[in-house]
Amino acid sequence: MKDGSHRLVRHLVVAVLVKLALLAGLWWFFVRDLRVPVDTGTAAAHLVTPADGASR
């Protein structure tokens, strides 16, 4: 590969790593501590009961 190709690959790798770091930081600050409580009875009823349009 030519020198320009190596430079392009290096810039692309750096850009992808920066984006991954930013996404990880956003997840760490905003999503990490969020939890969704799951009620087993409600979940089971939702899975067993047919949807309104299912009987058509």
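Quick note: the coordinates plus some simple rules give every number you see, no bench work behind them. Treat the numbers as computed from the prediction; the structure is a model and nothing was measured. Cβ: placed from backbone, ideal geometry, glycine included. Neighbour counts: every protein chain shown.
On a per residue basis, the convex hull of the C-alpha atoms belonging to the chain measures out at 184 Å³. Of all the options Ala44, Ala24, Ala15, the one that moves most in a Gaussian network model of the chain with Cα springs shorter than 10 angstrom is Ala44.
The angle between the Cα long axis of helix 3-30 and the main principal axis of the chain comes to about 30°, on a 0 to 90 degree scale. Note on Ala44 and Val13: their simple-model spin labels are 5.4 nm apart, each label 7 Å out from Cα toward Cβ.
Here the simple spin-label model places points 7 Å from the Cα toward Cβ, and for Val31 and His6 these points are separated by 3.7 nm.
If you place +1 on the Cβ of every Lys and Arg and -1 on the Cβ of every Asp and Glu, how big does the dipole about the Cα centre of the chain come out, in debye to the nearest 20? With only Lys, Arg, Asp and Glu charged at Cβ, the dipole is about 420 debye.
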